[in-house]
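Just so it is clear, none of the values below were taken in a lab; they were calculated from the coordinates. Values in this document were obtained by computation on a predicted structure and should not be read as measured data. In this analysis, Cβ positions are derived from the backbone assuming ideal geometry, glycine residues included, and neighbour counts consider all displayed protein chains.
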Amino acid sequence: MVLTVDRGRYAVLMDDVTVTAMRARELGRKGIAVGDRVSVVGDLSGAPDTLARIVRVEERDTVLRRTADDTDPLERVIVANADQMVIVASLAEPPPRYGLIDRCLVACLTAGLEPLLCLTKSDLAEPYEALARYEQLDVPAVVTRHGDPGPLRPRLSGQTSVFVGHSGVGKSTLINALVPGARRAVGVVSGIGKGTHTSSSAIALQLPEGDGWVIDTPGVRSFGLAHVSADDLLWAFPDLEDGATQCPPGCEHQSAAAGCMLDAWVAEGHSTPERLEAFRRLLASRSSAES
Ligand SMILES: Nc1nc2c(ncn2[C@@H]2O[C@H](COP(=O)(O)OP(=O)(O)OP(=O)(O)O)[C@@H](O)[C@H]2O)c(=O)[nH]1
Ligand SMILES: [Mg+2]
Ligand SMILES: [Zn+2]
């Protein structure tokens, strides 16, 4: 399993040694991401200054990716093979950025990961408004304070969980408390738009007693979603999905005025107006500039 990627060097966990490897030329342009399961040849001792070669990347169960956008010109695979996305947002310092949370949710749901909202810094502000916003989406949520991961811990058991969120929300603080010896650097909260990130690359860390994995990632400023279609997202809403069979071809599901039949489907009692509204809010978040 690939634990980290740093300037073309991969740390790969093999049974119980961590080997440093580079990609073999025969892999071509195929990307390798944290969480990938790979085959490695060469010096597998893990001794200092040895360098092995990754010759094969196993098929992935899930892929979390972001499309190129204004802030990042490259399409990136953030992690492979994660089961769950922990969307970390702080209730204050910095305040919640709902546009970014919505976009993380879209990425998560369309990548087939289970979402979990983690609202941090409840010692500084109340969580009610933020919780209410995600109720209709059936997104499970936990609230933490003073960097204590207590309420989060049982939700991580046996899972591979990737922590995603804006810089300064407390991802590394939680991970340090969850994984003894993780020693992830923790930063001061930077001013909006300054873009100083404390964590600069993704890393996978094993929870104590082998009870799952947590993946710390650098703070995101945006989450490019150009690769996500309206129907990709609809797939994550089983109560609405069948209603779309009545929609005109290529329907973007935005409104009844534009020919969408989902309002009629809801009126028949298959789902609720609140659910449809929440679905449409996520749809719209794909193209919103807010981050
Ligand atoms: N008051 C309060 N402060 C917190 C809490 N969690 C984290 N912090 C503080 O928030 C700051 C940023 O925490 P980090 O863990 O570095 O944030 P991060 O999400 O890893 O940030 P990047 O690596 O830049 O993406 C640090 O000063 C933490 O001590 C909390 O629950 N309450
Ligand atoms: Mg960090
Ligand atoms: Zn429609």
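Here are the numbers for this structure:
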quantity: Which of Lys30, Lys171 has the fewest Cβ neighbours within 10 Å, and the rest in rising order; calculated: Lys30, Lys171
quantity: Fully extended contour minus Cα-Cα distance, from Asp211 to Ala125, at 0.36 nm per residue; calculated: 27.8 nm
quantity: FRET efficiency estimate (nearest 0.05) - Cβ-Cβ, Ser288 to Ala226, R0 22 angstrom; calculated: 0.95
quantity: Prolate/oblate/rounded call for segment 42-154, Cα gyration tensor, a/c under 1.5 rounded; calculated: prolate
quantity: Computed Kirkwood radius, in angstrom, where 1/r is averaged over Cα pairs of the chain; calculated: 20.3
quantity: Length gained when the stretch Met14-Arg281 is fully extended (0.36 nm per residue, less Cα-Cα span); calculated: 91.8 nm
quantity: Ascending count of other beta-carbon atoms within 10 Å, so fewest first, for Trp265, Trp235; calculated: Trp235, Trp265
quantity: Value of relative contact order over segment 23-122, rounded to a whole percent, pairs C-alpha under 8 Å and six or more apart; calculated: 24
quantity: Those residues of segment 94-114 whose amide nitrogen sits under 19 Å from the label point placed on Glu252, 7 Å along Cα→Cβ; calculated: 103, 106-107
quantity: Choice from Thr20, Thr160, Thr272 with maximal GNM fluctuation in the chain (Cα, 10 Å cutoff); calculated: Thr272
quantity: Dipole-positive endmost among Val162, Pro273, Ile32 within the chain (Cβ charges, Cα centre); calculated: Ile32
quantity: Dipole magnitude of segment 1-68 about its Cα centre (Cβ charges: Lys, Arg +1; Asp, Glu -1), debye to nearest 20; calculated: 500
quantity: Electrostatic dipole magnitude of segment 90-149 [Cβ: Lys, Arg +1; Asp, Glu -1; Cα centre; debye, to 20]; calculated: 180
quantity: Segment 1-47-segment 81-157 distance, computed between alpha-carbon centres (Å); calculated: 31
quantity: Tensor-based shape of segment 113-254 (alpha-carbon gyration tensor, a/c under 1.5 rounded, otherwise prolate or oblate); calculated: prolate
quantity: Simple spin-label estimate for Arg25 and Glu268 in nanometres, 7 Å along Cα-Cβ; calculated: 6.0
quantity: Packing rank of 127-133, 86-92, 215-221, 179-185, where each peptide gets the mean count of other beta carbons within 10 Å, highest leading; calculated: 86-92, 215-221, 127-133, 179-185
quantity: Efficiency of FRET from Cβ geometry, Thr245 and Ala132, R₀ 41 Å, rounded to 0.05; calculated: 0.80
quantity: Among 201-208, 22-29, 150-157, the order from most to least packed when residues are scored by Cβ within 10 Å on average; calculated: 201-208, 150-157, 22-29
quantity: Least to most buried among Ser288, Ser172 (fewest other Cβ within 10 Å first); calculated: Ser288, Ser172
quantity: Fraction of antiparallel bridges per DSSP, the chain only, in percent to nearest 5; calculated: 55
quantity: Segment 118-166 shape via C-alpha gyration tensor axes, a/c threshold 1.5; calculated: oblate
